[in-house]
1. Check each of the chymotrypsin sites (Phe, Trp or Tyr not before Pro) in the range 3-102 and keep only those in coil by DSSP with at most 13 other C-beta atoms within 10 angstrom; list them in order.
2. Provide, for the chain, the number of lysine pairs with alpha carbons under 18 Å apart, each pair being eight or more places apart or on different chains.
3. Please report Rg (one decimal) and Dmax (integer) in Å for the Cα set of the range 9-88.
4. Compute the accessible area per residue over the chain, keeping the other protein chains in place, probe 1.4 Å, unit Å².
5. Averaging sequence separations of C-alpha pairs under 8 Å and six or more residues apart, then dividing by the length of the chain, give the relative contact order as a whole percent.
6. Please give the length that would be gained between residue 77 and residue 9 if that part of the chain were fully extended, namely 0.36 nm times their separation in residues minus their C-alpha to C-alpha distance (nm, one decimal).
7. Loop-only GluC sites (Glu not before Pro) in the range 31-71, please: DSSP not H, G, I, E or B, and at most 14 other Cβ atoms within 10 Å.
8. In the range 1-142, with Lys and Arg counted as +1 and Asp and Glu as -1 at Cβ, which of these residues, 90, 118, 132, has the Cα nearest the positive end of the dipole, that is, farthest along it?
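The values are calculated or read from the model by the stated rules, or taken from the named source; none is laboratory data. Just so we're clear, the structure is a prediction, and the values are computed from it rather than from any experiment. Cβ placement follows ideal geometry from the backbone for every residue including glycine, while neighbour counts extend to all protein chains displayed. Side chains included, ligands, DNA and RNA excluded: accessible areas come from the protein's heavy atoms. Shrake-Rupley method; radii C 1.70, N 1.55, O 1.52, S 1.80 Å.
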Amino acid sequence: VYLWANNSDHYVNYENTGSKGFEVEFKLREGWSSINFGYSFYLANRSNEVPDYNVEGIETIYGAFPNHKISFNSNFKIANNLFVSPSILFYSERYTYFFDENWNPILQKFQPTYIANLFIEYRNLLINNLDLAIGVYDITNQKYCFINAYKAGIEPIYQPGREFSAKIRYNFNF
């Protein structure tokens with residue numbers, strides 16, 4: 001664990017931490033599509049010996065980690081050489097700590113987040129193996145942020161939000 005205390009940074013190694021939970025994944029592949037659906041659930045381990053990971057008042061969760069995650073990724077062939085690929089990620093609430101001006105930790109809750117993406121790809125554009133793809137990340141402009149898992153006084157790192165993308169790819173088939 002990386003920590004900042006007394007105007008200096010340092011690392012601490014602890015003996016034991018962990019979690020318990022499960023993951024379920026469903027995959028379907030057909031000639032016209034592929035669909036992946038996943039669900040993950042976890043609970044913090046009660047024998048955790050890393051106090052900086054704990055979220056005060058909530059024994060079932062560690063800082064920065066959601067108890068629930070749902071993912072949906074897909075690719076559909078909608079016409080000859082034309083594919084649409086929607087995807088969605090869901091994260092349940094997450095927690096981290098900020099510090100006030102006196103370095104007292106303040107618990108901050110981050111609401112559940114949905115991130116939706118959509119891409120359209122045209123394969124073999126004009127010539128074989130030349131593909132064109134356009135899309136958008138984070139359609140609803142959620143600006144997902146990466147938060148610290150423990151009390152280190154590190155501010156969240158926000159993604160830029162909605163992004164548009166275009167790419168041209170050529171496959172040399174070596």
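1. Answer in residue order: 14, 32.
2. Number of lysine pairs found: 7.
3. Rg, Dmax (Cα atoms, Å): 19.3, 57.
4. Using a 1.4 Å probe on heavy atoms only, each residue of the chain averages 66 Å².
5. Dividing the mean separation by the residue count of the chain yields 16 percent.
6. Going from the current span to full extension adds 19.3 nm.
7. Filter output for the range 31-71: 49, 56.
8. Value computed over the given set: 132.
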